[in-house]
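The structure appears right after this line, and notes come after that.
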Amino acid sequence: MIGKLYLIPTTLGETEPLEVMPLSVKKVVEQIDYYIVENEKSARRFIKKISPKKSQPSLTIKLLDKYAVEEETQTYLDVCAQGFNVGLLSEAGVPAIADPGASIVKLAHEKNIQVVPLVGPSSILMAMMSSGMNGQNFAFNGYLPIDKGERKRAIKDLERLSLDKNQAQIFIETPYRNEKMLADLKSILSPSTNLCIAADITLPSEYIKTLAIKDWKHQQPDLHKKPAIFIIQK
């Protein structure tokens, strides 16, 4: 039997895992000893939290971070040939969405290894669900440029695209630059363009609001260092 690759979601912050994901995630974690993760410390913390009795020394953990060497990552699924299942853990939310795990999923398909996605919180989808914007047609654009001129052009391009295609445009920012992003959106976007800000999703401090830009000009939510999703639609 060839082992499978399980895509294991994690929490979006310091919440109890079983408050935001089904029991099936706990059951899978309890059965797997081979993991591919972005950060070993936080991965072990999550595994211990969702399965306190699981033996930490028995775990084999491979890192998939910015320092990972491609030649080495190509071997991460070799244990599947021996019949062992592997868990791919995101740093926050679901694997392979705004996450380096996509390369491992691609490798699994190339090796004819079954990929099993598990249910869990996705900040991108949860923000879209609660935005009131077009859930039939939307696009995730990752991070916008840091350069001021390039960022302005990118924001105007997304606004124009949202109008032309009736498409909600989703993007993110590094948490410590959230408030600068909001200031840019207020000054660049048309007054009638709608903006949704969804921050600290699933946490007690969760904040989700959609307003036209003209109304955002009178609002200043505290977004500093909070994971946030921005969605615009004209």
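Taking every pair of Cα atoms in segment 1-83, average 1/r, invert it to obtain the Kirkwood radius, and report Rg/Rh to two decimals.
Details: Rg = 13.3 Å, Rh = 13.8 Å.
Rounded to two decimals, Rg/Rh equals 0.96.
What ratio of Cα Rg to 2.2 N^0.38 Å holds for the chain? Don't skip to the end; give the middle numbers.
Details: Rg = 19.6 Å, N = 234, 2.2 N^0.38 = 17.5 Å.
Normalised Rg, Cα atoms only: 1.12.
Translational diffusion coefficient, Stokes-Einstein: compute it for segment 17-149 using the Kirkwood radius over C-alpha pairs as Rh, at 25 °C and 0.890 mPa s, and state it as an integer in µm² s⁻¹. Don't skip to the answer; put the middle values down first.
Working: Rh = 16.5 Å.
The Stokes-Einstein estimate is 149 µm²/s.
Taking amide H positions as placed 1.01 Å from N in the peptide plane, with prolines and chain starts having none, which residues 5 or more places from residue 101, or on another chain, fall under 5 Å of its amide H?
96
When the solvent-accessible surface of protein heavy atoms is calculated with a 1.4 angstrom probe, in what order do 126, 133, 181, 1 fall, highest first? Walk me through the intermediate numbers first.
Numbers: 126 65, 133 30, 181 0, 1 200 Å².
Sorted descending by solvent-accessible area, the residues read 1, 126, 133, 181.
Report Rg (one decimal) and Dmax (nearest whole number) for segment 113-195, counting Cα atoms only, units Å.
Just the Cα atoms of segment 113-195 yield Rg and Dmax of 14.6, 50 Å.
Once you keep just the Cα pairs under 8 angstrom separated by 6 or more residues, what percentage relative contact order results for the chain? Kindly include the intermediate steps, with their values, before the conclusion.
Details: 430 pairs, mean separation 52.5, N = 234.
Relative contact order for the chain comes out at 22 percent.
Let me know the Kirkwood hydrodynamic radius for segment 48-97, please, with Cα pairs as the basis and the value in Å to one decimal. Walk me through the numbers on the way to the answer.
Details: mean 1/r = 0.0770 Å⁻¹.
After inverting the pairwise mean of 1/r, the radius is 13.0 Å.
Treat segment 181-221 as a sphere of radius equal to its Kirkwood radius over Cα pairs and apply Stokes-Einstein at 37 °C in a medium of 0.692 mPa s; give the translational diffusion coefficient in µm²/s, rounded to a whole number. Before the final figure, lay out the partial values.
Working: Rh = 10.7 Å.
In µm²/s, the coefficient is 307.
Only bridges whose two residues both fall in the chain count here: according to DSSP, what percent of them are antiparallel, nearest 5? Don't skip to the end; give the middle numbers.
Working: 17 of 35 bridges.
Counting only bridges with both partners in the chain, antiparallel ones make up about 50 percent.
Report the convex hull volume per residue for segment 58-127, counting only C-alpha atoms, in Å³. Write out the running numbers ahead of the final one.
Numbers: hull volume 7.6 nm³, N = 70.
So the per-residue Cα hull volume is 109 Å³.
List the residues, sorted by chain then number, that are 5 or more residues from residue 143 or on another chain and whose placed amide H is less than 5 Å from its amide H.
When sequence neighbours closer than 5 places are left aside, the close amide H contacts are 172.
Taking the Cα centre of the chain as origin and charging only Cβ (+1 Lys, Arg; -1 Asp, Glu), how large is the dipole, in debye to the nearest 20? Please report the intermediate quantities before stating the final value.
Details: 30 positive and 27 negative charges, 95 e Å.
Dipole size: approximately 460 debye.
The values are calculated or read from the model by the stated rules, or taken from the named source; none is laboratory data. Bear in mind the structure is a predicted one, so any value in this text is a computation, not a measurement. Neighbour counts are summed over all protein chains in view; Cβ atoms, including those assigned to glycine, are modelled from backbone coordinates with ideal geometry. The accessibility values were calculated without ligands, DNA or RNA, using every heavy atom of the protein model including side chains. Shrake-Rupley method; radii C 1.70, N 1.55, O 1.52, S 1.80 Å.
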